[in-house]
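Report on one structure; see the data block that follows.
Read the figures in this text as sums done on the coordinates, not as results from a lab. Every value quoted in this text rests on a predicted model; they were computed, and no experiment measured them. Glycine also receives a Cβ, built like all others from the backbone with ideal geometry; neighbour counts cover every protein chain displayed.
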Amino acid sequence: MRLGGDFSHAETSQRATELSSRWESAWPGCEPTGAGLSRAHPELWVRFHSLPESKRYADTPEERREVLHRHKTVISELQAISGSARVCVIGRDWDSGDLAGGWTKKHMPGSWPWRSHFDPNDFEVGEPAHLDYFWVSPYDTVGQLTDLLQLAADWQAEFIVTDEEMSWVYAPYDGGADIIAPTTVDRDALKLTHEEWLSNHPFGF
């Protein structure tokens with residue numbers, strides 16, 4: 001058993017081939033991360049904050065419930081847009097040399113190794129090169145994401161949620177979520193519906 005979140009070989013199977021095909025068709029040239037997708041598709045991107053006044057972390061049970069409410073509400077709305085029932089979670093992880101290695105994979109039951117990626121922008125000369133490792137798990141309901149969403153809110157896991165056709169992406173983080181909507185119309189509708197969840201930052205961060 002590997003202690004980190006790495007793997008020696010990505011899975012070679014029909015499901016892996018089909019997933020890669022759907023991903024590349026939907027988001028060509030992009031890795032499954034909220035930051036990368038928001039840079040590549042700013043016209044589809046919106047960021048919602050998890051708590052009033054852009055507070056980053058919940059301190060009370062009421063605030064923790066509000067964080068989960070916002071996450072689940074938007075994911076459900078994205079599901080309604082695409083007509084999807086099940087969702088796919090793609091977790092980002094690292095090897096045991098990273099203090100966070102294994103942090104996401106261990107919370108994704110039944111996950112399988114999909115792809116790895118070297119980001120030259122995340123490499124510093126003199127430091128050891130590292131890869132990002134992406135693990136996949138299917139989920140039948142939004143309710144099954146509760147524990148993962150709470151971990152993301154506490155900065156103890158990193159992942160994206162998407163539908164089976166990869167038409168949208170929901171990327172939670174500690175403080176909010178980056179959403180890549182199917183169309184600009186969908187993005188604008190989400191912004192209008194949840195205007196009070198938007199950032200006051202002029203660029204929406």
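Farther than 26 Å from residue 113 by Cβ and either surrounded by fewer than 24 Cβ atoms within 10 Å (Cβ to Cβ) or of a type outside the set (A, V, I, L, M, F, W, C) (or both): which single residue out of 185, 136 fits that description? First the steps, then the outcome.
Values: 136 fails: farther than 26 Å from residue 113 by Cβ.
Only one candidate passes the filter, namely 185.
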Cβ-Cβ distance below 6 Å, separation of 6 or more or different chains: which pairs start in region 38-51 with a residue that is free of Cβ contacts under 8 Å to residues at least 12 places away in the same chain and end on one that is hydroxyl-bearing (Ser, Thr, Tyr) and in a strand (DSSP E or B)?
none
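Kindly establish whether residue 168 is aromatic (Phe, Trp, Tyr) and closer than 18 Å to residue 56 by Cβ. Can you show your working first?
Working: aromatic (Phe, Trp, Tyr): yes; closer than 18 Å to residue 56 by Cβ: no.
In short, no.
Within region 168-184, take every residue that is part of a loop (DSSP other than H, G, I, E, B) and either among the hydrophobic types (A, V, I, L, M, F, W, C) or under 12 Å from residue 79 (Cβ atoms) (or both) and give me the one that is nearest to the chain's Cα centre (by Cα). Write out each step before concluding.
Start the filter on region 168-184 by keeping residues that are part of a loop (DSSP other than H, G, I, E, B), which leaves 168, 174-175, 181-183.
Restricting the remaining residues to those that are either among the hydrophobic types (A, V, I, L, M, F, W, C) or under 12 Å from residue 79 (Cβ atoms) (or both) gives 168, 181-182.
Details: 168: 11, 181: 13, 182: 15 Å.
Once the filter is applied, the top-ranked residue is 168.
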Could you grab the pairs with beta carbons closer than 6 Å, sequence gap of 6+ or different chains, first residue in region 60-80 and of a type in the set (Ser, Thr, Tyr), second one assigned to a helix (DSSP H, G or I)?
76/142
Which residue pairs have Cβ atoms under 9 Å apart, sit 6 or more places apart or on different chains, and have a first residue in region 91-112 that is at positive phi and a second that is part of a strand (DSSP E or B)?
102/93; 110/137; 110/138
Failed condition for residue 80, given (1) in contact with a Phe, Trp or Tyr (Cβ under 6 Å, 6 or more places away or on another chain); (2) farther than 17 Å from residue 158 by Cβ, with all others met?
(1)
